1. Taking 0.36 nm per intervening residue step and subtracting the Cα-Cα distance, what contour gain separates residue 132 from residue 192 on full extension?
2. Rank these for me by crowding, 36, 24, going from fewest to most other beta carbons within 10 Å.
3. Got a sec? How would 82, 25 order by Cβ neighbour count within 10 Å, fewest to most?
4. Based on other C-beta atoms within 10 Å, arrange 156, 102 from fewest to most.
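Rule-based calculations on the coordinates, nothing more; no lab input. Quick caveat, the model's predicted, so the values are computed rather than measured. Here the Cβ is made from the backbone with ideal geometry for all residues, glycine too, and neighbour counts use every protein chain on show.
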């Protein structure tokens, strides 16, 4: 996947799940509005990085509304890719910075879909002391999600998030691998479903020329 849409680390490898609270969290956009990103077709049907960087002069109303286009060359050519809108970029930034707020928390896998965010949120229950020697409070999943949502929401005058979130506890390595694979393949599944419905997002929809 696009490096800005899907990330997966190996920080859990070699550790027992007993010291970690591992959670599969899904947060939806307000009214499932597709304001986070777009899933576009294979690389052969998308602009080069140079074209994407110079495409702002003839943006479609969709891009004008949500603040432009973020594009990175795909690692998996030929597969659908996620293109982040401005809100999606803010979500990405909040995810990257979550460990600055909670040093014993990190996001191990995530994908920013058009109307929802999937992530594996990990809380290290055994890391009780910060680098500065201060004791660390172990946050709840709700506290971490609320912080992430607030960080993004405060940058916009319109509601970004739905009122709740879904959490499933990851209890085993097999469970983790299945969920991580589901997250990784989510853009492909989304795009294939849109093809079936005849509602794919193309480069023309995004206002990006030839």
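1. Answer, rounded to one decimal: 16.7 nm.
2. On the way: 36 28, 24 21.
Fewest-to-most ranking of 36, 24: 24, 36.
3. With the sparsest Cβ surroundings first, the list reads 25, 82.
4. Final ranking by Cβ density, sparse to dense: 156, 102.
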